[in-house]
Amino acid sequence: MGAVDGDVCLSFFHVQWSSVDGAFIARSDQYPGLVARDEWSSLAAVDGLIDLIEQQRWQRHSSGRPAA
């Protein structure tokens with residue numbers, strides 16, 4: 001799975017509690033360099049991961065444009 005019309009589609013992601021970080025940790029094998037943390041909610045950690053993916057994709061897209 002990938003991105004369709006700007007939406008993020010994750011075929012698989014991991015969320016686990018980290019006692020060292022005191023937070024839920026969300027990550028995806030599709031985006032190995034991105035990790036999101038939330039100390040209160042596993043869903044918020046996944047939302048944070050999706051936000052990071054969208055930011056990364058936006059930066060890659062905008063960096064490919066010629067300067068105005």
Practice prompt. Could you look through the range 25-41, keep only residues that are out of contact with any strand residue (DSSP E or B) (no Cβ under 6 Å at 6 or more places or on another chain) and open to solvent by 70 Å² or more (accessible area, probe 1.4 Å), and pick out the one that is modelled with the highest pLDDT?
Written response: TRP40
Item to complete: Identify the residue in the range 1-19 that is outside any loop (DSSP other than H, G, I, E, B) and open to solvent by 70 Å² or more (accessible area, probe 1.4 Å) and, among all such residues, is modelled with the lowest pLDDT.
Response: VAL4
Fill in: Flag for GLY22 being open to solvent by less than 80 Å² (accessible area, probe 1.4 Å) and modelled with pLDDT under 95
no
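The values are calculated or read from the model by the stated rules, or taken from the named source; none is laboratory data. What you see is a predicted model; the values in this text were computed from it and never measured. Cβ atoms come from the backbone with ideal geometry, glycine included; neighbour counts cover every protein chain shown. We work out accessible area using only protein heavy atoms, side chains counted, and drop any ligands, DNA or RNA first. Shrake-Rupley method; radii C 1.70, N 1.55, O 1.52, S 1.80 Å.
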